[in-house]
Amino acid sequence: MQELLRPFDFEFFRNGLVVATFAGALCGMVGVYVVLKGMSYIGHGLSHAIFGGFAASALLGVNVVLGAGVWGAASALMISGITRRRVIGSDAAIGVITTASFALGLALFAVFGGRGRSFDAALFGSILGVSGADVWAVIAVTAAVALVVFFGYRQLLFTTFDPEVAEASGVHTARVDALLMLVLAAAILATMQVLGVTLVAAVLVIPPTIARMLTSSFSRMLLLSTGIGALTGFVGMNLSYHLDVQSGPTIVLVGAALFAVVFAVTGTRGLRRTAGLDDHAAPVLAPPHGRRRHAGGPY
Amino acid sequence: MTALSPTASALIRLDGVSCAYGGTRVLTGVDLAVTPRQFTGIVGPSGSGKTTLLRVLLGTVRPVSGSVQRRPGLRVGYVPQVEAVDWSFPVTVGECVLMARTRGRRLPWRSRVEQAEVGEVLARLGIESLAGRHIRDLSGGQQQRVFIARALLGRPQLLLMDEPTSGVDVRTRHEVLHLLDDLHRDGLAIVLTTHDLNGMAAHLPHLVCLNTEVLGQGTPQEVLTADVLERTYGARMEILEHAGMPIVLDQYVPADNVLRYRRKGA
């Protein structure tokens, strides 16, 4: 028992544990919308795009959270705009924007490497650099996102499920989508420190997928996914210390193990529920002029 | 879009409405008036602009030319095609119906008044016992009722339905027809699109034949004629009459018969 509690003696671990738990809950909450709207690719791409801002702000000596946050928000809104306008394929547009941003981050680290936070920590996550201020930042982001989800619950649900009818019913789906992108960018930013950009997408997808296997109710899925995200963050961070493995991979592996357990328990019933989740070739936000993502065509 | 006078006879009036997607014109010069208690079916081949016309009435598609006038404060309910619904989405019947109440209350859970209203509309449609069920775990007729219930919760004066009997069996089609008939008798105006000329369109009081432009309007007896249908569908059809109702038959000639006729002709 003492051995299990020993890491709590270290401030860096306590900070990392709080950040991992809150970040897990945050990603679990936001991930529900990401998965149901078929935005996993956007989540994956956005985390890579934010890496560019992370690298640039770290090397320029700008506050990393602020710099990467502005970069992430700009990328999110750009992706949202391109996706809605459908000038080119949204998956192609996202691929160009996000990989270019990621490549810029890599290039900056290659040229100016050695300053600011480490390259490995940004890619794979680390709890060593988590300060008290970071802890409060993650708690604040989680609380802000929870408030958005709480008070925007009905509009978010309607826009996610049926954007055309939501629009016709007076919901500003374009604003809701933009808000969701900003929330996603904030969640990725808050999580990146512990998980790293390469693994953020996993914590956005695994908790809601597990939750979906356990329930067919949207409200219960939202609560379950948030709880599962927090649990995997907490357990993963503890295991990370005891196994001496980086926090990001450990948290993701805990989530994957939980998925396997739930799959074993619920079997095909659970899988049937997840059938069709995120099965879209291209991520689609509520399109303009009422064209639905599942509709056969505009006629 | 402009507002009709509150005393105007129409709920919505379209004058010379044309729509296009990316340069491709899908509606041309459509004139249509939807009046209170009207029950209209829009028929036409695939790609004829039926759904676009429905969306113009709904207000989600803006015409490139022409005018759309609505009665001020008009409440419109919309029931999408079942094929357009994401059936894997985790939503129960109760949650789905409550979506109609997105504006106003900000709290996620339903108020007592909303609870009562949802219960009332589900009971009216005979699906009150299904409130906790996932939408996929329902029969075709029940699934249609869920989306009709969602539309009715907004207390619409006009109900728009996209292919309400697409892909359903005969029994479900009868259920839907009876339900719509009841709603129409209760004073609701209904406009729907359908491919089903005999099973659905022939039973409606008013039809619009559409193929990019309106090619005929009136009762089934007036509209379901060989000439109008040939202009609408580009194929010859034969019309029989049974119990005062027109029945449309394909005049399909198998390829080997065509060859035989040609040989005979030669």
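Close amide-amide hydrogen proximity is noted between residue B:210 and B:43, B:44, B:215, each under 5 Å apart and 5 or more residues distant or on a separate chain (H modeled in the peptide plane; Pro and chain starts excluded).
Under a 5 Å amide H cut-off, with hydrogens placed 1.01 Å from N, residue B:79 pairs with B:160, B:161, B:162 among residues at least 5 apart or on other chains. Accessible-area rank, largest first, for A:126, B:46, B:88: B:46, A:126, B:88, with all protein chains present and a 1.4 angstrom probe.
Taking Rh as the Kirkwood radius computed over C-alpha pairs, what is the Stokes-Einstein D of region A:204-250 at 37 °C in a medium of viscosity 0.692 mPa s, expressed in µm² per second? In µm²/s, the coefficient rounds to 292. Computed with a 1.4 Å probe over protein heavy atoms only, the accessible area of residue B:182 comes to about 80 Å².
In this structure residue B:134 has an accessible area near 10 Å², from a 1.4 Å probe over the protein heavy atoms. Placing unit charges on the Cβ atoms only, positive for Lys and Arg and negative for Asp and Glu, gives region A:2-290 a dipole magnitude near 420 debye about its Cα centre.
Note that region A:2-290 presents 39 Å² accessible area per residue, ligands and nucleic acids not counted, probe 1.4 Å. Under 5 Å from the amide H of residue B:33 lie the amide H atoms of B:14, each residue being 5 or more positions distant or on a separate chain, with H modelled from the backbone and absent for Pro and chain starts.
Each chain gives up part of its surface: B and A jointly bury about 3600 Å² of accessible area, both sides summed, for a 1.4 Å probe.
The share of accessible area on chain B that comes from carbon and sulfur is 49 percent, using a 1.4 angstrom probe. When each of the peptides B:185-194, A:188-197 is scored by the mean number of other C-beta atoms lying within 10 Å of its residues, the order from highest to lowest reads A:188-197, B:185-194.
What the phi angles of region A:207-217 give under the Karplus curve with 6.51, -1.76 and 1.60, with θ = phi - 60°, is a coupling list of x, x, 5, 5, 4, 5, 5, 9, 8, 10, 9 Hz, glycine and proline written as x.
Report in % the part of the accessible area of region A:2-290 that belongs to carbon and sulfur, leaving out ligands and nucleic acids; probe 1.4 Å. Percent of accessible area from carbon and sulfur atoms in region A:2-290: 71. For residue B:37, the solvent-accessible surface with a 1.4 Å probe is about 130 Å², rounded to the nearest 10.
Summed over the residues of chain B and divided among them, the accessible surface reaches 45 Å² per residue at a probe radius of 1.4 Å. What shape does region A:2-290 take by its C-alpha gyration tensor, where a ≥ b ≥ c are the square roots of the eigenvalues and a/c under 1.5 counts as rounded, a/b above b/c as prolate, and the rest as oblate? Oblate. Interface residues of region A:217-246, defined as a loss of at least 20 Å² in heavy-atom accessible area between the chain alone and the complex of all protein chains with a 1.4 Å probe, are A:217, A:218. Give the residue from A:265, A:132, A:255 lying farthest towards the positive end of the charge dipole for region A:2-290; charges sit on Cβ (+1 for Lys and Arg, -1 for Asp and Glu) and the dipole is referred to the Cα centre. Result: A:265. Highest mean packing comes first when the peptides A:34-41, A:69-76 are listed by Cβ atoms within 10 Å, giving A:34-41, A:69-76. Each residue of region A:123-129 was assigned a 3J(HN,Hα) from its phi angle through the Karplus curve 6.51 cos²θ - 1.76 cosθ + 1.60 (θ = phi - 60°); the sequence is 7, 10, x, 7, 9, 5, x Hz, with glycine and proline shown as x.
Just give the residues from region B:128-142 buried by at least 50 square angstrom of accessible area in the all-chains context relative to the isolated chain, probe 1.4 Å, and say none if nothing qualifies. Going by heavy-atom accessible area, the residues of region B:128-142 that drop by at least 50 Å² are B:136.
Here the 3J(HN,Hα) profile of region B:88-102, calculated from phi with Karplus coefficients 6.51, -1.76 and 1.60 at θ = phi - 60°, is 7, 5, x, 8, 7, 4, x, 5, 5, 5, 5, 4, 4, 9, 7 Hz, Gly and Pro shown as x. Of A:44, B:178, the order by accessible heavy-atom surface (1.4 Å probe, DNA, RNA and ligands excluded), from most exposed downward, is B:178, A:44.
The values are calculated or read from the model by the stated rules, or taken from the named source; none is laboratory data. Here the structure is a predicted model, which is why all the values come from computation and not from measurement. Cβ sites come from the backbone with ideal geometry, for glycine too, and all protein chains shown count toward neighbours. Areas reflect the complete protein model, heavy atoms only, side chains present, ligands, DNA and RNA absent. Shrake-Rupley method; radii C 1.70, N 1.55, O 1.52, S 1.80 Å.
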